[in-house]
Amino acid sequence: MKKQIKMAWMGALKGTPLGTLWTAVSPQGLVAISLWPDRAQFAAQVAKLTGQTPIDEPERVTAVAHQLREYLSGERKVFDLAIDWSVMTPFQALALRAVYAVGYGRTQTYADIAQQIGKPKAVRAVGRANATNPMPLVIPCHRILGSDGKLHGFSAPGGLETKAWLLRMEGSWLI
């Protein structure tokens, strides 16, 4: 069961190569990132994750915005942000911690992640955890491939083209 957070703040990062990104934080750390431009949709997502309606306070998300801008300009390879893992189910947090550890420009498969977390038959559940990742880019779900070594699914504007763009930006051998 997810823990309820007392407060969440959000803000927009405009003018990125991916368009406007929305970010939200709690006192415990990063709660969510959205690559979709719709503010109301993002606020609803944050409310569902935290149990609270987020407050627009862009100054609270400055560190996240700064690191995302550095990443998208090729200047940052590792994020050093606190993450509020409590907004996820226990299985999702377990799977996404393994995804979080996949290095810049590297790829793994959903099966690799399932194996790493000690649940080799949970490949589809790992895929679902990835598909519902509330913090894309920071938790690099774009680095996870199907067992066939190909790109599968990316829940962001542009879908697989955006996933491929991110991997090319990182210099992945795959793309």
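One table, with the values for the structure above:
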quantity	calculated
Any hit, segment 117-127, residues being touching a residue at least 60 places away in the same chain (Cβ under 8 Å) and loosely packed, with under 14 Cβ neighbours inside 10 Å	no
Residue list for segment 64-77, filter: of a type outside the set (Asp, Glu) and either loosely packed, with under 15 Cβ neighbours inside 10 Å or over 15 Å from Leu21 (Cβ atoms) (or both)	His66, Ser73, Gly74, Lys77
Helices (runs of 4 or more DSSP H) (entirely within segment 68-175) containing at least 3 residues that are small (Gly, Ala, Ser) and under 16 Å from the mean Cα position of the chain (by Cα)	90-100, 123-131
Residues of segment 39-61 that turn out to be surrounded by 13 or more Cβ atoms within 10 Å (Cβ to Cβ), over 10 Å from Trp9 (Cα atoms) and in contact with a strand residue (DSSP E or B) (Cβ under 8 Å, 6 or more places away or on another chain), as a count	5
Among the candidates Pro134, Pro140, Pro157, residue that is loosely packed, with under 14 Cβ neighbours inside 10 Å and assigned by TED's automatic domain parsing to the domain that holds Gly103	Pro157
Single residue of Ala40, Ala63, Ala44, Ala24 found to be within 22 Å of Ala93 (Cα to Cα) and either assigned to a helix (DSSP H, G or I) or of a type in the set (Ser, Thr, Tyr) (or both)	Ala44
Of the criteria (1) touching a residue at least 40 places away in the same chain (Cβ under 8 Å); (2) in the same structural domain as Ala47 (by TED's automatic domain parsing); (3) not acidic (Asp, Glu), which one Tyr104 fails	(2)
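The values are calculated or read from the model by the stated rules, or taken from the named source; none is laboratory data. Since the structure is predicted, the reported quantities are computational estimates derived from the model, not experimental observations. Note: ideal-geometry Cβ built from the backbone for every residue, glycine included; neighbour counts use all protein chains shown.
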